[in-house]
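Novice: I have a structure here, written as structure tokens, and I will follow up with some questions on it.
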Amino acid sequence: MNVFSALTDFTGVVGLAAGVAATGSALVGLYIGGQAYRGLRRNDDPSMRYLSIGMILLFGVTYVLAVAGQGLLTFRIVPIRYQNVFRLIVRLLQFGGLLLIAYSLRIATDS
């Protein structure tokens with residue numbers, strides 16, 4: 001086994017581990033968002049509405065989109081030139097989720 005093939009094998013293992021970690025993060029994120037939504041249904045407080053939507057965006061939707069986008073790019077279903085489009089959409093959704101969470105904390109303290 002030469003150095004190049006060992007490095008290629010290691011890169012494949014690392015890529016697989018990164019994919020598994022990203023998928024796990026997406027699942028846990030959706031669970032967290034679901035729990036926040038359950039809290040909203042119990043309390044029906046406007047601050048909980050913004051908090052749950054922000055958490056679903058931040059912890060669920062962005063990870064699912066990132067994993068799906070990576071899969072589409074890896075298997076060449078979508079051309080690689082759209083990689084930055086996926087990255088921009090994920091970052092904008094993360095930012096929107098953070099803004100909603102911040103707003104929920106702001107209106108919760110104003111009450």
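Novice: Which of Gly34, Gly15, Gly69 moves the most in a Gaussian network model of the chain with Cα springs under 10 Å?
Specialist: Answer for the Gaussian network model of the chain: Gly15.
Novice: Next question, about the same structure. Here are several values of volume of the Cα convex hull per residue in Å³: (1) 107; (2) 93; (3) 115. Which one was derived from the coordinates shown?
Specialist: Derived directly from the coordinates: (1).
Novice: Out of Ile53, Ile77, Ile89, any idea which swings most in a Gaussian network model of the chain, alpha carbons joined below 10 Å?
Specialist: Of the options given, Ile77 has the highest mean-square fluctuation.
Novice: Within the chain, which complete DSSP H helices have Cα atoms spanning at least 15 Å along the helix axis and a mean Kyte-Doolittle hydropathy of 1.0 or higher?
Specialist: 62-74
Novice: Put Phe75, Phe86, Phe59 in order of accessible area, largest first, 1.4 Å probe: what do you get?
Specialist: Output order, biggest surface exposure first: Phe75, Phe59, Phe86.
Novice: Using modelled backbone amide H atoms (1.01 Å from N, in-plane), which distant-in-sequence or interchain residues come within less than 5 Å of Val78's amide H?
Specialist: Leu73
The values are calculated or read from the model by the stated rules, or taken from the named source; none is laboratory data. All values reported here derive from a predicted model rather than from experimental measurement. The protein model used for the area step is the full one, side chains on, heavy atoms only, and it has no ligands, DNA or RNA in it. Shrake-Rupley method; radii C 1.70, N 1.55, O 1.52, S 1.80 Å.
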